[in-house]
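Student: Dropping a structure here in structure tokens format, bear with me for questions.
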């Protein structure tokens, strides 16, 4: 994996940059979201635009995208396209709008047959066709517009064929001769794996499967492998995750190919949107606060506990979780020690949903310890903000976490994170006990290495013990709250990465 060179390479406060970028993603906030990709796609292009990049965003027009609410317009200059998928031309229209509070133009690929469904992603038999059409349409819309980007920024498997298509299917069009491509891996666990008939559907030459194996993995068509091998630059959403992807443990079968490209592999941490997440102006909080005056945090704790039907005790720390209740998020190591944790002097609030066995586990624990545990099953955005502000400790014991956002929200809100040392968690949370042992005082949380219940329990216990040392606890909180976790710094690194891709 290649690290960024010294800071002199970074581009600071650039304006008027002569660079055209197509940013392609299957989900973009606020139009459609299932995970962190949507947050990146909704925020990074705005920051790039501020730095002078001519950037346009492309995404599917799902059934849930309200064209009236977002004031979308039919793009007459493109009209109706006929995109061939599985041998048949499919009608496609294009709508345009802008990312909220910005002048970043976004293009919506409208194909009702494929995208007017009840969910963004499906297990339907034609899932490959849906995103074959999307990727072809993005390329052909740029052709119709006569807009040749210097760089195409692809994201996750749903855009993984674009690098191959640009260099093969569409290489007859000389307008893409100088177009570079970056591919960002947001979660390597989802690779776009389909049967061999996908080659015919996408009109990919069989040599890429049988001879070069550029799109073949394990006897199946793999969109992500094609992107890894055909992009100029590959990056992911934290330095540590980029290193982890080179191992068989975390690489999900792609580690061998990433090793081949390790000199072109980078990690850039995601940022967070301060317009949404900021304890000084969060519209979901009854009391605002900052690192100089944390009294509002105490009031939010009281308010949150009242809503969660738990008693307030000033000397009892509240551990919060806002998460999917699945093994990847650490529930398989939390389950065997949950009753051990209940012996500590703490309270527990959790918001989320997931596997029924974990939902039932927490409901069971809440019935046994009604004054210590409260569970909200489902999604509640206001409560998510309240837990971030009202909890004292935030627990994220993930098996893997490419970047993670909740630990960054927690740091900003003075809620001390307890995390497993993996991916973006390792890049943002620095264990207080480890750093203080070496004579430093920049620790902002607690972490553990081994993916085991005993390690999780020990880290929580250390945090609970430190909570009672108020001077130290305040220092830990303030260390987190003074970090710059905005998109600006990440965008500057992406700009440098764009330049590197174009230089190649």
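The values are calculated or read from the model by the stated rules, or taken from the named source; none is laboratory data. Quick caveat: nothing in here was measured; it's all calculated off a predicted structure. Here the Cβ positions follow ideal geometry from the backbone for every residue, glycine too, while neighbour counts run over all protein chains shown.
Student: For region 303-316, give me each residue that is surrounded by 14 or more Cβ atoms within 10 Å (Cβ to Cβ) and within 25 Å of residue 378 (Cβ to Cβ).
Tutor: 303, 304, 305, 307, 308, 310, 312
Student: Could you list, in sequence order, the residues of region 338-355 that are under 9 Å from residue 325 (Cβ atoms) and free of Cβ contacts under 8 Å to residues at least 24 places away in the same chain?
Tutor: none
Student: Does residue 155 satisfy being in contact with a strand residue (DSSP E or B) (Cβ under 6 Å, 6 or more places away or on another chain), buried (at least 20 other Cβ atoms within 10 Å of the Cβ) and under 21 Å from residue 234 (Cα atoms)?
Tutor: Here the answer is yes, as residue 155 does meet what is asked.
Student: Then there is this: So residue 143 fits all but one of (1) farther than 15 Å from residue 107 by Cβ; (2) over 28 Å from the mean Cα position of the chain (by Cα); (3) assigned to a helix (DSSP H, G or I); what number is the exception?
Tutor: (1)
Student: Checking residue 51 against (1) farther than 30 Å from residue 126 by Cα; (2) free of Cβ contacts under 8 Å to residues at least 40 places away in the same chain; (3) surrounded by 20 or more Cβ atoms within 10 Å (Cβ to Cβ), only one condition comes out false. Which one?
Tutor: That leaves (2) as the condition not met.
Student: (1) crowded, with 19+ Cβ neighbours inside 10 Å; (2) out of contact with any strand residue (DSSP E or B) (no Cβ under 8 Å at 6 or more places or on another chain); (3) assigned by TED's automatic domain parsing to the domain that holds residue 22: which one isn't true of residue 498, the others all being true?
Tutor: All conditions are met except number (2).
Student: Sort out which residues of region 230-250 are assigned to a helix (DSSP H, G or I), touching a helix residue (DSSP H, G or I) at 6+ places or on another chain (Cβ under 9 Å) and closer than 18 Å to residue 493 by Cβ, and write them in order of number.
Tutor: 239, 240, 241, 242
Student: Restricting attention to region 251-272, and to residues there that are free of Cβ contacts under 8 Å to residues at least 60 places away in the same chain and assigned to a helix (DSSP H, G or I), which single residue is surrounded by the most Cβ atoms within 10 Å (Cβ to Cβ)?
Tutor: Here the answer is 258.
Student: Read through the list (1) crowded, with 24+ Cβ neighbours inside 10 Å; (2) free of Cβ contacts under 8 Å to residues at least 60 places away in the same chain; (3) over 22 Å from residue 481 (Cβ atoms), then give the number of the only condition that residue 365 fails.
Tutor: (1)
Student: Give region 302-331 a look and list any residue that's within 22 Å of the chain's Cα centre (by Cα), more than 19 Å from residue 416 (Cα to Cα) and in a helix (DSSP H, G or I), or say none.
Tutor: 327, 328, 331
Student: Considering only region 298-316, I want to know if a residue exists there that is without any contact (Cβ under 8 Å) to a residue 24 or more places away in the chain and over 17 Å from residue 371 (Cβ atoms).
Tutor: Yes, region 298-316 contains at least one residue that is without any contact (Cβ under 8 Å) to a residue 24 or more places away in the chain and over 17 Å from residue 371 (Cβ atoms).
Student: Now a separate question. Looking only at region 392-405, decide whether some residue is over 21 Å from the mean Cα position of the chain (by Cα) and either more than 20 Å from residue 433 (Cβ to Cβ) or at pLDDT 95 or above (or both).
Tutor: Yes, region 392-405 has at least one match.
Student: If you don't mind, there's one more thing I want to ask. Considering only region 273-301, how many residues are surrounded by 21 or more Cβ atoms within 10 Å (Cβ to Cβ), touching a strand residue (DSSP E or B) at 6+ places or on another chain (Cβ under 9 Å) and outside any helix (DSSP H, G or I)?
Tutor: 1
Student: Wholly within region 151-229, which strands (runs of 3 or more DSSP E) include no fewer than the required count, namely at least 3 residues that are in the same structural domain as residue 122 (by TED's automatic domain parsing) and in contact with a helix residue (DSSP H, G or I) (Cβ under 8 Å, 6 or more places away or on another chain)?
Tutor: Qualifying strands (runs of 3 or more DSSP E): 151-155, 180-185.
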